[in-house]
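> One structure follows; several queries about it will come next.
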Amino acid sequence: MTPIEDRKCRNCGGSEFDEATDYLLLRKSKVSFVGSEKIYTFCTNCGEVLSIRLTNPNVFKK
Ligand SMILES: [Zn+2]
């Protein structure tokens, strides 16, 4: 886990976060073969999701 500093949960004010992915690809369309997984950064205290980040945004570049 990467330490994430200077962030506070907007729901409970907690400062401990972790990251996880659901291993589902975000794709441009149903027939796209390429896509990117999402990394969720969430509060380990209440579960509020702070941010969702793509692991590979380059696949959406033209
Ligand atoms: Zn929280």
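The values are calculated or read from the model by the stated rules, or taken from the named source; none is laboratory data. What you see is a predicted model; the values in this text were computed from it and never measured. Neighbour counts run over all protein chains shown; Cβ positions are idealised from the backbone, glycine included.
> Which of (1) within 19 Å of residue 61 (Cβ to Cβ); (2) small (Gly, Ala, Ser); (3) at pLDDT 95 or above is the odd one out, the single condition residue 29 does not satisfy?
It is condition (3) that residue 29 fails.
> Further question: Taking the condition at pLDDT 95 or above and not small (Gly, Ala, Ser), does residue 11 pass?
Values: at pLDDT 95 or above: yes; not small (Gly, Ala, Ser): yes.
Yes: the conditions hold for residue 11.
> Anything in the stretch 11-45 that is surrounded by fewer than 14 Cβ atoms within 10 Å (Cβ to Cβ) and within 16 Å of the chain's Cα centre (by Cα)? List them, or say none.
Passing the criteria: 16, 18, 20, 21, 22, 23, 24, 44.
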